[in-house]
Structures are given as structure tokens and as C-alpha cells.
Amino acid sequence: MRADLHRPLVVAHRGSSGTAPENTIAAFREAVRAAADIVELDVRMSRDFELVVMHDRRVDRTTNGSGCVWDYTLEEIAALDAGRWFSPRFKGEQVPSLRAVMRMLPLPVGLNIEAKTDGDTRANTALAESLILHIREARMERRTMVSSFDHAFLRRLHRIDPEIAIGVLYYPLRDFGRSPSVLARGTGAVTFVCSRSQLRKRHVADAHAHGMSVACYTVDTVRQARALRKAGVDALITNYPQRILTSLSALR
Ligand code: G3P
Ligand code: MG
């Protein structure tokens with residue numbers, strides 16, 4: 001996730017989730033239409049060990065169902081409505097599988113898969129193996145990065161397949177005082193990811209000194225985008241890719 005010569009990369013957070021229901025094909029389509037450089041999504045495992053795209057542990061907030069993602073098979077979760085909560089216009093939108101998103105994402109759009117883990121070692125190993133298989137099968141290894149707040153998970157994935165690009169997500173309660181390069185140890189992480197309020201100059205300096213890029217979330221206003229660009233942030237993770245791209249191109 002290196003910035004090009006002119007502007008930071010624009011990453012559509014859960015797709016274009018400000019204008020369409022998060023983590024749905026509609027949101028990813030809007031992100032592609034907006035010409036986002038990268039699409040970010042959250043991945044979890046279903047009861048039948050399939051990879052499904054959902055942020056929360058439970059389906060309640062973003063679908064008409066109830067319970068944990070882990071309680072559903074892929075087929076059962078695909079039968080839920082994942083669009084109506086956002087707007088009646090998106091009624092019938094489904095919870096997609098990771099495979100379905102990979103299929104619809106055209107070149108050269110990049111993919112940032114954020115792995116949501118639940119602390120179970122065996123489930124996490126299965127998740128890491130399945131993610132690698134998905135990326136390899138889709139031949140997307142050159143345009144995919146896997147990130148997670150769970151650094152033990154990232155180390156496991158890196159051990160299994162050291163070629164997959166990795167992003168470390170910063171969790172201050174645990175990581176405070178640790179620099180991006182220290183957090184990257186054992187994962188070979190190429191990117192440090194943190195929220196806007198967590199970002200410090202020393203993070204940017206350390207990451208760049210060690211050949212890492214910096215990505216920041218969630219960047220939804222023009223003013224925020226300009227400030228972070230000035231601070232040397234390489235990628236802006238936003239719910240409004242169209243707005244942020246327009247504001248950055250006006251700066252050229
Ligand atoms: O990957 C950046 C961001 O997505 C992390 O937070 O909660 O939106 O998945 P969250
Ligand atoms: Mg995420």
C-alpha cells in the first residue's frame with residue numbers, strides 16, 4: 001500500500017459504506033465506480049468454515065437476522081437481507097462471501113482484507129489457511145493485503161505464507177509505546193494502520209524509516225484528508241471514497 005507520487009491511496013472502508021450498506025456488493029460496486037484504489041472489507045468464518053464479509057461478530061446490526069456469524073452456514077447467512085437497514089433502496093442486498101467480492105473486483109483495484117478473529121487458535125489457523133487459499137486461487141496476491149488487530153493471527157498467517165502482504169492494526173491499550181516497526185516483527189508487515197486520533201508524527205517517521213507505509217481510518221472530510229496528506233500518511237481509509245478522491249485531485 002505505497003502512495004503514488006501525487007496523492008495518498010484512497011481505501012473504501014467496508015466499500016463505499018457512507019453511500020451504500022457496508023460490506024455488501026452494492027458498497028463495493030460504488031467504491032469501484034468512484035475509482036477507489038483499494039477496497040477494505042472485514043472477514044469472518046461461518047459455521048461451515050466459509051469466509052463471509054461482515055464487520056460485527058453478530059449479524060443483528062446490519063441484517064434482518066439475529067445471532068453470531070458463527071451460528072450461520074454460508075447459505076443461511078446469504079438468505080438474510082443486508083441492505084434494508086441502510087435504506088429501502090438496498091432491500092435484498094446480501095451478505096457476500098469473500099469469493100463473491102474477489103470475483104467482482106476488477107483490475108487494478110486492490111483488496112484489504114481485515115481478518116476479524118475470535119481468539120480460538122484452531123479457528124484462527126483455519127481462517128489463515130482459508131484466506132491464503134482464497135487469495136492464491138483468485139491470483140490476487142499482488143493486490144491484496146491482510147490486516148488484523150490480532151497480531152498473533154498475523155504471525156501465524158505470515159509463517160504459513162510469507163508472500164502475503166500484511167498490515168498491522170494499532171490497538172493502543174495493548175500497543176501503546178510500540179513503534180510500527182516493532183509491531184511489524186514476526187509478521188513482515190508492510191503497512192501500519194491506525195485511527196486518525198491515534199496517529200502521531202513518530203509513527204509516520206518510524207514506519208517510513210523502515211520501509212512501511214501508513215494508513216489511517218476513518219477519513220471522511222476534505223479537511224481531514226488534507227491534514228493527513230500533509231502529515232505524510234500514505235493511504236486514507238474512508239466511507240466516502242468519491243468525496244475524498246475529488247478533494248485530493250483538486251489539490252494537484
Ligand atoms: O482496517 C481499518 C478499520 O476497518 C479497522 O476498524 O472496526 O472499521 O474494522 P473497523
Ligand atoms: Mg475493518
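The values are calculated or read from the model by the stated rules, or taken from the named source; none is laboratory data. Small disclaimer: the values here were computed from a predicted structure and weren't measured. Methodologically, a virtual Cβ is constructed for each residue, glycine included, from the backbone with ideal geometry; neighbour enumeration extends over all protein chains shown.
Against the criterion of being modelled with pLDDT under 95 and more than 15 Å from the chain's Cα centre (by Cα), Ala138 does not qualify.
Checked against (1) touching a helix residue (DSSP H, G or I) at 6+ places or on another chain (Cβ under 8 Å); (2) touching a residue at least 60 places away in the same chain (Cβ under 8 Å); (3) within 16 Å of ligand 1 (Cβ to nearest atom); (4) on the phi > 0 side of the Ramachandran plot, Asn23 meets all criteria but (1). If you filter segment 177-206 down to residues that are within 26 Å of Arg243 (Cβ to Cβ) and in contact with a Ser or Thr (Cβ under 9 Å, 6 or more places away or on another chain), you find that the one that is surrounded by the fewest Cβ atoms within 10 Å (Cβ to Cβ) is Ser195. If I ask for residues that are closer than 18 Å to Met45 by Cβ, small (Gly, Ala, Ser) and assigned to a loop (DSSP other than H, G, I, E, B), which ones from segment 58-78 would you list? If the condition is that a residue be closer than 18 Å to Met45 by Cβ, small (Gly, Ala, Ser) and assigned to a loop (DSSP other than H, G, I, E, B), then Gly65, Gly67 are the ones that fit.
In segment 184-219, the qualifying residues are those that are of a type in the set (Val, Ile, Thr) and closer than 24 Å to Ala36 by Cβ, and the one that is farthest from ligand 1 (Cβ to nearest atom) is Val204.
I'd like to know if segment 84-91 contains one or more residues that are under 21 Å from Asp118 (Cα atoms) and touching a helix residue (DSSP H, G or I) at 6+ places or on another chain (Cβ under 8 Å). No, every residue in segment 84-91 fails to be under 21 Å from Asp118 (Cα atoms) and touching a helix residue (DSSP H, G or I) at 6+ places or on another chain (Cβ under 8 Å). The residues of segment 110-136 that are out of contact with any strand residue (DSSP E or B) (no Cβ under 9 Å at 6 or more places or on another chain) and either among the polar types (S, T, N, Q) or not in a helix (DSSP H, G or I) (or both), listed by number, are Gly119, Asp120, Thr121, Thr125.
Here's a check for you: in segment 164-183, which residue that is of a type in the set (Phe, Trp, Tyr) and farther than 16 Å from Met145 by Cα is farthest from ligand 1 (Cβ to nearest atom)? The selected residue is Phe176. Selection within segment 27-83: residues that are at positive phi and more than 17 Å from the chain's Cα centre (by Cα). The member of this set that is farthest from ligand 1 (Cβ to nearest atom) is Phe49. Using the structure shown, decide if Met140 is more than 16 Å from ligand 1 (Cβ to nearest atom) and closer than 20 Å to Arg14 by Cα. Yes; evaluated as a whole, the condition is true for this residue. Screening the candidates Arg122, Arg103 for the property of being away from ligand 1 (no atom under 16 Å from the Cβ), within 23 Å of Ala79 (Cα to Cα) and among the charged types (D, E, K, R) yields one hit, Arg103.
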